[in-house]
Amino acid sequence: MKIGIVCYPTFGGSGVLATELGHALAKEGHGVHFITYDQPVRLDLLEPNIYYHEVNVHDYPLFDYQPYELALSSQMVETVVAHNLELLHVHYAIPHAYAAYMAKQILKDRGIDIPIITTLHGTDITLVGKNPSYRPAVKFSIEHSDIVTSVSESLRSDTIQFFNVSKKIHVIPNFIDLSLYDGEGCDKGQIADEGCCIVTHISNFRPLKRTKDVIKIFHGIRQKVNSRLILIGDGPERNKALDLAKSLGLEHDVRYLGRTSEVERILCMSDLFLLPSASESFGLAALEAMAARVPVISTNSGGLPEVNIDGETGFLCNVGDVTSMADHAIDILTNTELRVKMKKAARRHAESFKLSDILPQYEALYEQAIGHKL
Ligand code: GMT
């Protein structure tokens, strides 16, 4: 199949997932065309069957806001025509599903019927999408996509509730390439002394990730356990979190690594992963940790209970309950039997999200979409 993928190219779960999906499809022999405003962070342009088409938004002094959706729709039209694409798969509803609808109408005028598959990822529904400024357009684009998928049961039910849509929403959970986490010989000595536990957090440091809670939880852990906190990612709350660490006297125990590409290596050395988000449709970072055999302490919000199983692969607590999160973390780090059990369970559960099980689900929907063309 010849597939167009539209996603955000930035350091975020939806873009990462879309890029990994494109790579996996390309390995199966499909032609995969990425249509984005910048090269997605994990996209390898040298891989066979991978193509990249940049959306160019021109600055014009009349506009306070550049019309990105217009440029995106136009680029979708150009790419579909030039490369005979058979379908467009857009990740994140805003504004991708809306721009895809416009591209579909323009192509219809030229006698081309292109199916649109929209994958909902989270804040496009739970936070941004239901804002009155966007709601009608998001609802319309969901209802007018040929096929809609969501990354968790929780996100599907939020979508139905917030938008009152009758459209069928297929749940296809996010996936993981387990082979990336099978590396042997993690040299923990590079970041900590013998006997020191490594606690890790990865996110885009947006307010909903509650990164200050990460510091508070670690503060509780540090009082009882010889440990170090590794922070990966970047975003608006980074300095607030690091300032809090300093004010709690933790500056020597917290190591900030920024936008490192060494995620698998760091997870391999980790003993515990923290994800205290206020909302999370899935929690791809938690799944990555579990694939690396790292137990997870997370909140019980959104789709997290579908990924992290309370008492088995880690623990789930209420949003903001940093005391319980720290207590559970101390249990895991000080009770070897529990830790070993949870490490095994984390990996076992991560295996139920393996790429080879999830990829055919997308391919089946693609075939269905192409088969139902007018
Ligand atoms: O979590 C973020 O801030 C990034 C966001 C995105 O759109 O890139 O992540 C969303 O999509 C991920 C991939 O499906 C999910 O794992 C995240 O849970 C989801 N984030 C939220 O729902 C907050």
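Annotations
- Cβ pairs under 8 Å, 6+ apart, first in region 13-28 and within 14 Å of residue 363 (Cβ to Cβ), second part of a helix (DSSP H, G or I) and within 15 Å of the ligand (Cβ to nearest atom): 21/362; 24/355; 25/362
- Test: residue in region 117-139 that is more than 15 Å from the ligand (Cβ to nearest atom), part of a helix (DSSP H, G or I) and touching a strand residue (DSSP E or B) at 6+ places or on another chain (Cβ under 9 Å): no
- Here 304, 229 are screened, and the one residue that is under 16 Å from residue 13 (Cα atoms), touching an Asp or Glu at 6+ places or on another chain (Cβ under 7 Å) and among the hydrophobic types (A, V, I, L, M, F, W, C) is 304.
- When residue 282 is tested against (1) assigned to a loop (DSSP other than H, G, I, E, B); (2) away from the ligand (no atom under 16 Å from the Cβ); (3) among the aromatic types (Phe, Trp, Tyr), just one condition goes unmet, and that condition is (2).
- Answer residue from region 242-286, given it is aromatic (Phe, Trp, Tyr) and closer than 23 Å to residue 354 by Cβ and is surrounded by the most Cβ atoms within 10 Å (Cβ to Cβ) among those: 273
- The requirement of being basic (Lys, Arg) and within 28 Å of residue 187 (Cβ to Cβ) is satisfied by residue 238.
- Cβ-Cβ under 8 Å pairs, at least 6 apart or on other chains, region 122-142 side outside the structural domain of residue 208 (by TED's automatic domain parsing), far side polar (S, T, N, Q) and more than 14 Å from the ligand (Cβ to nearest atom): 139/164
- Subset of region 164-220 [on the phi < 0 side of the Ramachandran plot, basic (Lys, Arg) and part of a loop (DSSP other than H, G, I, E, B)]: 167, 168, 206
- Selected residue (only one of 93, 24, 18, 97 is small (Gly, Ala, Ser), within 16 Å of the ligand (Cβ to nearest atom) and part of a loop (DSSP other than H, G, I, E, B)): 93
- When residues of region 287-338 are limited to those that are touching a residue at least 12 places away in the same chain (Cβ under 8 Å) and in a strand (DSSP E or B), the one surrounded by the most Cβ atoms within 10 Å (Cβ to Cβ): 314
- Pair list, Cβ < 7 Å and 6+ apart or interchain, from region 202-217 residues that are under 22 Å from residue 295 (Cβ atoms) to residues that are of a type in the set (A, V, I, L, M) and within 12 Å of the ligand (Cβ to nearest atom): 202/285; 203/285; 210/278
- Within region 171-183, residues that are more than 13 Å from residue 266 (Cα to Cα) reach partners that are polar (S, T, N, Q) and not in a loop (DSSP other than H, G, I, E, B) with beta carbons closer than 6 Å, at six or more positions or on different chains, in the pairs 171/150; 172/149; 172/361.
The values are calculated or read from the model by the stated rules, or taken from the named source; none is laboratory data. Because the structure is predicted, anything quoted here is derived from the model rather than measured. Glycine also receives a Cβ, built like all others from the backbone with ideal geometry; neighbour counts cover every protein chain displayed.
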